[in-house]
1. At what distance in angstrom do the alpha carbon centres of the stretch 157-190 and the stretch 26-102 lie from each other?
2. Between residue 33 and residue 189, what length comes free when the chain is fully extended (0.36 nm per residue of separation minus the Cα-Cα distance, one decimal in nm)?
3. What's the extension gain from residue 57 to residue 132 if we count 0.36 nm per residue and subtract their Cα-Cα distance?
4. Could you check the simple spin-label distance between residue 150 and residue 103, using points 7 Å along Cα→Cβ, in nm with one decimal?
5. Give, in nm to one decimal, the length gained when the segment between residue 50 and residue 110 is fully stretched (0.36 nm per residue of separation minus the Cα-Cα distance).
């Protein structure tokens, strides 16, 4: 067992506090970047809108910060707008009779170097933006934010591979492992 984990468990025992605050390995493993070796060509900014546009169905999977358990919600998504300024309209099925709707605006900088996602005050810096034959596309953006009152590093990954679309956000404390916050997985809506 790694030394840090052992020390945290020992402190939890000494103070009789639950060890649930330790993130499960699954959250670290899920935050690993996918293999992008086949996506070699630089992607033009307009490609992001083309890759995401349309009606999608799938799921949102997120980490419940209260107990570190995963929650999965059926989700539908409609993406429209100019090629680099997108409107995302989400509909979440949050249980019997409970439908939640939300919208976000995303804007990719004209040079493809920054990505503004939702209400984030500071645009994220695009570190990877590649494609394959102007079809499959991957975008990785890095930035900073606050999680539970603590400054964290953020990483967003947008990936379109054939008929599969996913985007995720991971966070970490400086010099720590990335932890998945949420991931959306979609296929085209029939």
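A short reminder: the numbers here are calculations on the coordinates, not readings from a lab. Just so it is clear, the model here is predicted, and its values are computed rather than measured. Glycine also receives a Cβ, built like all others from the backbone with ideal geometry; neighbour counts cover every protein chain displayed.
1. 7 Å
2. Full-extension gain reported as 53.6 nm.
3. Result: 24.6 nm gained on full extension.
4. 3.6 nm
5. 20.1 nm is the gain from fully extending residue 50 to residue 110.
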